[in-house]
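The values are calculated or read from the model by the stated rules, or taken from the named source; none is laboratory data. The model shown is predicted, which means the values in this text are computed figures rather than measured ones. Virtual Cβ from ideal backbone geometry, glycine too; neighbours counted across all protein chains shown. Accessible surface areas use protein heavy atoms only, side chains included; no ligands, DNA or RNA. Shrake-Rupley method; radii C 1.70, N 1.55, O 1.52, S 1.80 Å.
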Amino acid sequence: MMTRMFSRLAAIAAFVLVAGTVHAAELRPAVTVSGETVTLGDIFDNAGKAAHVVIANAPAPGLRSEISVSRISLAARRNGIEWRNDAGLSHIVVARSGIAVPEEEVASAIAAAIGAQSTGLPSAAQLQIDFTNGAAGVQVADNAEISVNVEQIAFNRRNGSFTAILRAPAGDMLSPLHRVTGRAYPVSDVPVLNRDMRPGDVVRHSDIDWVRVPSNRIGQNAITSLDQLLGMSPRYQARSGEPLRLADMVPPVVVQKGAQVDMLLTSGTLTLIARGRALENGAVGDIINVLNTRSNRTLRGVVDGPNSIRVDTPGSARAVSATTHSNNS
């Protein structure tokens, strides 16, 4: 009789144990929260009435922290949560969601702070900011203003390194501080070709892009403005995207050797024109030799435009004038 009774009690105990295991709370090894606190409901499945009990502060938006399982166990016991650490966890990881402050906004604030304390540096728009890990990583809470303010800045002008303490959002004095490191250095925008070009090609607006280059890498003979590039032609093969030197570009050839050209002499309102043949290639402004095909004399003239030569010397003027009269007779 006693044996049967003990058997029934054992069966009932086993049933209760199994039922308790099925309905026991389960601890999550990693969670992500959006608010400022971590509750038992965040870290446990089936936390029941204890779901809203706060056990820790959440990390700053975008960051992570850990909560020890011993601390969790104490809070669970006090609030009637039954659970077993079957996984043998020593801690759980808590992350907090957030919204990233745009890199441009963070960089602009840091550049302005550096410029305000360091005289002689370029304006903020020309100070390049490179973050140590490739990104600032500053985030604000999901419902917070997306802004940032530089609370402190330490800048080494010799090597450009900086350490900044930022507050985000900017106007919230209770918002967390962020430590950001990186390097700042002056840069300049220079025009480059957006396609490979060969000698004889003429550079137009549609052929030009702009790139940002560290200022200390720009030589005195570098091309830095549109006027130095527009309408010019590469002296050699020119590759797209590469900064150019003044010596790399030449005015385009508008007179080809052997081409028929007009020789012009202007005196007051009178312009005399004769036909000739170019003996050299020439760009606008070049002085080249040209053969007067009527008199068979070689003259010197300035290239004035496509197949147009301006003859200025007195001897050449008489030669052009004589040829013109001969053509009219």
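Numbers below:
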{"quantity": "Accessible area (Å², 1.4 Å probe, nearest 10) - Asp86", "calculated": "120 Å²"}
{"quantity": "Prolate/oblate/rounded label for region 98-161 (Cα gyration tensor, a/c 1.5)", "calculated": "prolate"}
{"quantity": "Estimated FRET transfer efficiency when R0 is 51 angstrom, pair Asn159-Arg28 (beta carbons, to 0.05)", "calculated": "0.65"}
{"quantity": "Heavy-atom SASA rank of Thr119, Thr163 (probe 1.4 Å, accessible area, largest first)", "calculated": "Thr119, Thr163"}
{"quantity": "Environment charge at Met232 (Cβ cut-off 11 Å; Lys +1, Arg +1, Asp -1, Glu -1)", "calculated": "-2"}
{"quantity": "Listed residues Tyr185, Tyr236 arranged by accessible area, highest first, probe 1.4 Å", "calculated": "Tyr236, Tyr185"}
{"quantity": "Environment charge of Thr271, counting only residues whose C-beta is closer than 14 Å and scoring Lys/Arg +1, Asp/Glu -1", "calculated": "-2"}
{"quantity": "Within the chain, helix-based [θ] at 222 nm, where runs of 4 or more DSSP H residues each add -39,500 (n - 2.57), nearest 500", "calculated": "-6500 deg cm²/dmol"}
{"quantity": "Accessible area in the full protein assembly, largest first, 1.4 Å probe, for His205, His52, His178", "calculated": "His52, His205, His178"}
{"quantity": "Area of Leu127 that stays accessible when all protein chains are in place (1.4 Å probe, Å², to 10)", "calculated": "10 Å²"}
{"quantity": "Gaussian network model of the chain, Cα within-10 Å springs - most flexible of Ser233, Ser175, Ser70", "calculated": "Ser70"}
